[in-house]
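Derivation of every value follows stated rules applied to the coordinates shown; laboratory data play no part. Predicted model, so just to flag it, every value in this text is computed and none were measured. In this analysis, Cβ positions are derived from the backbone assuming ideal geometry, glycine residues included, and neighbour counts consider all displayed protein chains.
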Amino acid sequence: MVGKNKDEFVALAEKEYLKRLQPFLSVNLVIIPSNKINSKAEVEKVKNFESEKILKRITEKSFLIALDEKGRHYTSIEFANHLNKLLVSQNKPLCFIIGGTYGLANELKKHCDEIISLSKMTFTHQMIRIILLEQIYRAMTIIKGKKYHY
């Protein structure tokens, strides 16, 4: 994830979903500092710089899943089925990548195994953290047959 969290409610929600996920998965959050820009012309430069920092933090061979507004859409049940297939078929960690304010550089997206979208709407990258964690938790409860998704 790019960018520090500035909102206490986001931190509380992250903590809650990380706790809920413990029985199902080992989750490691890695936060890359965001860069400030001085003009619109620097947007691509910042995206490229942040993407380089992300790639440097991916130490082991992982299945890379970028979050991007133009990515593939899933219902919660479709996402659960897809996540289950990945967990069974991939003998490597899954790495979800959340960009900063301006998204991810195209060069980084080319390195990814998959690009998904959590909504056609736009959310802050802090909110996407909560939405992604909740959807992973929802998917795990669907996979394990727990009551949560109705």
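Here are some notes:
- Residue among 18, 79, 30 farthest towards the positive dipole end of the stretch 14-91, charges placed on Cβ: 30
- Helix axis angle, 8-21 relative to the chain longest principal axis, alpha carbon, degrees: 40 degrees
- Taking every alpha-carbon pair under 8 Å whose residues sit at least 6 apart, the stretch 9-150 reaches a relative contact order of 33 percent.
- Considering only the Cα atoms of the chain, their convex hull presents on average a projected area of 9.2 nm².
- Distant-in-sequence amide H partners of residue 96 (H built 1.01 Å from N, under 5 Å): 65
- The shape of the stretch 33-86 comes out oblate: with a ≥ b ≥ c from the C-alpha gyration tensor, a/c is at least 1.5 while a/b does not beat b/c.
- When shorter helices are ignored and each DSSP H run of at least 4 residues is given -39500 (n - 2.57), the per-residue value for the chain at 222 nm works out to -14500 deg cm²/dmol.
- Listed values for the stretch 114-123 are Karplus-derived 3J(HN,Hα) couplings in whole Hz (6.51 cos²θ - 1.76 cosθ + 1.60, θ = phi - 60°), namely 7, 10, 10, 10, 8, 5, 7, 7, 9, 10, and x replaces Gly and Pro.
- Stretchable slack from residue 70 to residue 42, in nm (0.36 nm times residue separation minus alpha-carbon distance): 7.9 nm
- 0 to 90° range, to nearest 10: angle between helix 43-57 axis and the chain longest Cα axis: 50 degrees
- The distance between label points at residue 88 and residue 26 comes to 2.3 nm (points 7 Å beyond Cα on the Cα→Cβ vector).
- Helix 76-89 axis, angle to the chain major axis (alpha carbon atoms, nearest 10°): 90 degrees
- Estimated vicinal HN-Hα couplings, Hz - the stretch 91-105 in sequence order (Karplus 6.51, -1.76, 1.60; Gly, Pro = x): 9, 7, x, 8, 10, 8, 10, 10, x, x, 3, 9, x, 9, 5
- GNM top mover of 102, 17, 137 - the chain, alpha-carbon springs below 10 Å: 102
- Dipole magnitude of the chain, debye to nearest 20 (Cβ charges: Lys/Arg +1, Asp/Glu -1, about Cα centre): 240 debye
- A cut-off of 5 Å between modelled amide H atoms, ignoring neighbours fewer than 5 places along the same chain, links residue 72 with 115, 116, 117.
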